[in-house]
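Enquirer: Let me begin by handing over the structure; questions about it come next.
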Amino acid sequence: MTTTAPTTTTLTGVPALPPLLLRGALLSPLKRPRPDAGFPRTRLVLPGLRVDLARLAAYERVCGMPTGADALPLTYPHVLGFPATMRLMSGRDFPLPLLGLVHTSIDLTRRAVMPATAEYELTTYVGGLAPHRRGTEATVVTEVRAGADLVWESRSTYLARHRTAGGPAAEGREPADPAARPLPERARWSLAHDVGRRYAAASGDRNPIHLHPLTARLFGFPRAIAHGMWTVARCLAEHGTPDAAVARARFRAPVLLPGTVTYGAGDGRFELRDGEGRRLHVSGEVGPYPA
């Protein structure tokens with residue numbers, strides 16, 4: 001594997017998503033993922049970033065959050081960074097195919113209240129590749145600064161499934177029994193068939209697996225599935241978060257739309273299960289920063 005020195009590219013505006021998604025789709029069949037592959041060392045920097053308050057309100061509504069406060073939800077900077085992330089992941093030098101890529105986890109840190117009316121600088125870059133028991137996983141880091149201060153950051157992992165050689169290095173991080181000991185049920189939600197389309201309109205993430213049963217079936221799903229980041233945002237809206245917060249979430253199984261899910265919480269942990277409380281969809285924890 002050839003290692004290149006990190007470089008910084010300053011963006012003049014938010015990248016347009018449709019051409020990036022198309023490029024990523026077209027290049028996907030050419031990718032040959034493996035954990036020792038080279039990956040882009042570029043840090044994309046987007047200065048002068050301001051929030052579209054109408055889109056923020058739409059996001060808050062679809063995620064079950066109150067609207068109108070001059071403060072960004074803990075999960076919203078992920079939406080702001082999504083176009084830059086797609087620019088990295090749709091490129092020819094990113095070794096994992098965009099089609100079929102699975103968001104497996106996210107760690108979020110907010111160091112202080114982030115006014116919705118403030119100006120920010122966003123940076124995103126690929127943190128590395130690692131073997132997973134089901135393929136290769138990439139870590140993508142996003143940072144948001146207000147002036148010189150780092151106020152928010154995330155680390156997301158994305159899995160490209162492929163044959164592995166097995167052995168200890170390919171075991172992954174999932175526990176042996178993620179469905180053990182359900183948390184106390186706190187709420188039950190009936191999810192409409194259009195949750196994916198409404199979240200896509202607010203977030204810009206128009207992956208076809210979320211939009212319609214026909215396009216979801218092309219990727220092996222019987223029906224459209226909810227965005228993983230919608231499930232986390234909905235759980236955190238129900239749980240509540242401190243002004244300075246740390247949250248971690250692991251995506252375990254897709255949520256089919258329409259459907260019924262149960263939200264459980266206790267001792268700083270939260271989870272989302274199916275209507276019978278058996279199948280675990282999302283598990284996570286949230287607490288104050290610093291922990």
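Enquirer: If you average the alpha carbon positions of segment 194-227 and of segment 1-42, how far apart do those two centres end up, in angstrom?
Expert: 23 Å
Enquirer: Would you calculate, for the chain, the mean residue ellipticity at 222 nm contributed by helices, counting each DSSP H stretch of 4 or more residues as -39,500 (n - 2.57) and dividing by all residues, to the nearest 500? Show your work: numbers first, answer last.
Expert: Values: 6 runs with 61 residues, N = 291.
When only DSSP H runs of four or more count, the value is -6000 deg cm²/dmol.
Enquirer: For a quick check: with amide H placed at 1.01 Å from N, whose amide H comes under 5 Å from C63's, ignoring anything fewer than 5 positions away on the same chain?
Expert: The list, which skips near neighbours in sequence, is empty: none.
Enquirer: Once amide H atoms are placed 1.01 Å from N in the peptide plane, what residues at a sequence separation of 5 or more from T104, or on another chain, have their amide H within under 5 Å of its amide H?
Expert: Those lying under 5 Å, H to H, from T104 are T157, Y158, L159.
Enquirer: To the nearest 20 Debye, how big is the dipole of segment 26-127 about its Cα centre, given +1 on the beta carbon of each Lys and Arg and -1 on that of each Asp and Glu?
Expert: Numbers: 12 positive and 8 negative charges, 80 e Å.
Here segment 26-127 has a charge dipole of around 380 debye.
Enquirer: Still on this model: Per residue, how much accessible surface does the chain expose to a 1.4 Å probe? Answer in Å², no decimals. All intermediate terms of the calculation are to be shown ahead of the outcome.
Expert: On the way: 13850 Å² over 291 residues.
On a per-residue basis, the chain sits at 48 Å².
Enquirer: Oh, and also: For V113, which sequence-distant residues (separation of 5 or more, or a different chain) have an amide H within less than 5 Å of its own amide H, given hydrogens modelled in the peptide plane?
Expert: none
Enquirer: When Lys and Arg each count +1 and Asp and Glu each count -1, what net charge do the other residues less than 13 Å away from G100, Cβ to Cβ, add up to? Present the calculation step by step, with values, prior to reporting the outcome.
Expert: On the way: positive: K31, R134, R161; negative: none.
After counting each charged neighbour, the total is +3.
Enquirer: Restricting to the chain, what percent of DSSP beta bridges are antiparallel, rounded to 5?
Expert: Values: 66 of 70 bridges.
Bridges in the chain are about 95 percent antiparallel.
The values are calculated or read from the model by the stated rules, or taken from the named source; none is laboratory data. This is a predicted model, so every value here is computed, not measured. Neighbour counts are summed over all protein chains in view; Cβ atoms, including those assigned to glycine, are modelled from backbone coordinates with ideal geometry. The accessibility values were calculated without ligands, DNA or RNA, using every heavy atom of the protein model including side chains. Shrake-Rupley method; radii C 1.70, N 1.55, O 1.52, S 1.80 Å.
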